[in-house]
1. Report, by residue number, each residue of the range 179-202 that is under 32 Å from the mean Cα position of the chain (by Cα) and either exposed (fewer than 11 other Cβ atoms within 10 Å of the Cβ) or of a type in the set (S, T, Y) (or both).
2. Only one of V159, V170, V154, V135 is touching a residue at least 40 places away in the same chain (Cβ under 8 Å) and assigned to a helix (DSSP H, G or I). Can you tell me which?
3. May I ask you to list the residues in the range 72-87 that are at pLDDT 90 or above and surrounded by 14 or more Cβ atoms within 10 Å (Cβ to Cβ)?
4. Conditions: (1) in contact with a helix residue (DSSP H, G or I) (Cβ under 6 Å, 6 or more places away or on another chain); (2) closer than 30 Å to L178 by Cβ. F64 meets all but one. Number of the miss?
5. Residue pairs, Cβ under 6 Å, 6 or more apart or interchain, first in the range 184-200 and farther than 23 Å from S39 by Cα, second at pLDDT below 80. List them.
6. Do you know which residues across the range 138-151 are part of a loop (DSSP other than H, G, I, E, B), closer than 30 Å to W61 by Cα and hydroxyl-bearing (S, T, Y)?
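The values are calculated or read from the model by the stated rules, or taken from the named source; none is laboratory data. Everything numeric in this text was worked out from a predicted model, so none of it was measured. Note that we place each Cβ from the backbone using ideal geometry, even for glycine, and neighbour counts take in every protein chain shown.
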Amino acid sequence: MTRTPQPRPRPVRPWRQRLRRALDAETNELARPEDRARSRAGLLAAFATTLALVLGATAAWTDFDSAEHRAAAKATRLHHLDALLLTSTSTTTDRIDTATSRYHATATWTYPAGQQQSGTVGLGRQAQAGSTVGVWVADTGRLTAAPAGTADLVSDAVVVGVLATGLLLVLIAGGLGLRLRSLDHRADTAWQRSWAELEPVWTGRASRRHGTDGPRPS
């Protein structure tokens with residue numbers, strides 16, 4: 001007689017088991033209240049982690065949007081002009097980082113209309129006197145830094161998002177660690193209490209104490 005093979009039960013995936021335990025839907029009679037509380041703590045930490053990622057992305061986007069508006073408002077007060085170099089560039093080496101060098105030269109430009117300005121401009125290359133270079137000036141005609149580009153704004157926003165997310169994840173990890181430590185201590189205390197009640201019966205000390213030699217539980 002040929003036996004019909006019985007289908008093997010599907011293995012329960014760990015995350016499903018933890019979810020069912022956290023929701024008190026598990027039928028395992030050996031699951032302790034501490035085990036269910038531990039599963040709920042893990043589920044809450046997973047939800048908080050997802051929320052931290054969303055908040056980090058929101059912080060990054062908010063920072064980018066705000067910085068972009070500030071940069072656009074600042075750009076309306078800046079002007080890009082051609083300046084005439086009065087001297088050839090000279091090399092200035094940073095004393096802290098000797099591998100970094102910038103070129104500087106004295107230049108002149110006209111802004112506002114009819115007002116000639118002069119100053120020292122920084123360049124990333126060598127240039128001779130009489131060359132024309134681009135400079136950024138404010139409404140007053142004084143030199144200023146170039147407006148921030150999109151790449152710089154994105155980079156700053158990413159840093160803000162990463163820092164915000166990292167801080168939230170540290171808080172979540174710390175809270176989860178404290179909760180699990182508290183549950184471990186509670187479980188250890190319950191185990192010691194149960195062993196104190198069971199050990200005399202298991203070893204037979206309770207029977208000898210009452211003068212009887214009852215069988216040990218198997």
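1. R181, S182
2. On the way: V159 fails: touching a residue at least 40 places away in the same chain (Cβ under 8 Å); V170 fails: touching a residue at least 40 places away in the same chain (Cβ under 8 Å); V135 fails: assigned to a helix (DSSP H, G or I).
Just a single option satisfies the conditions, and that option is V154.
3. Once the filter is applied, which keeps residues that are at pLDDT 90 or above and surrounded by 14 or more Cβ atoms within 10 Å (Cβ to Cβ), the range 72-87 yields L78, H79, L81, A83, L84, L85, T87.
4. (2)
5. From residues that are farther than 23 Å from S39 by Cα, the pairs are P200/A206.
6. T144 - this is the single residue of the range 138-151 that is part of a loop (DSSP other than H, G, I, E, B), closer than 30 Å to W61 by Cα and hydroxyl-bearing (S, T, Y).
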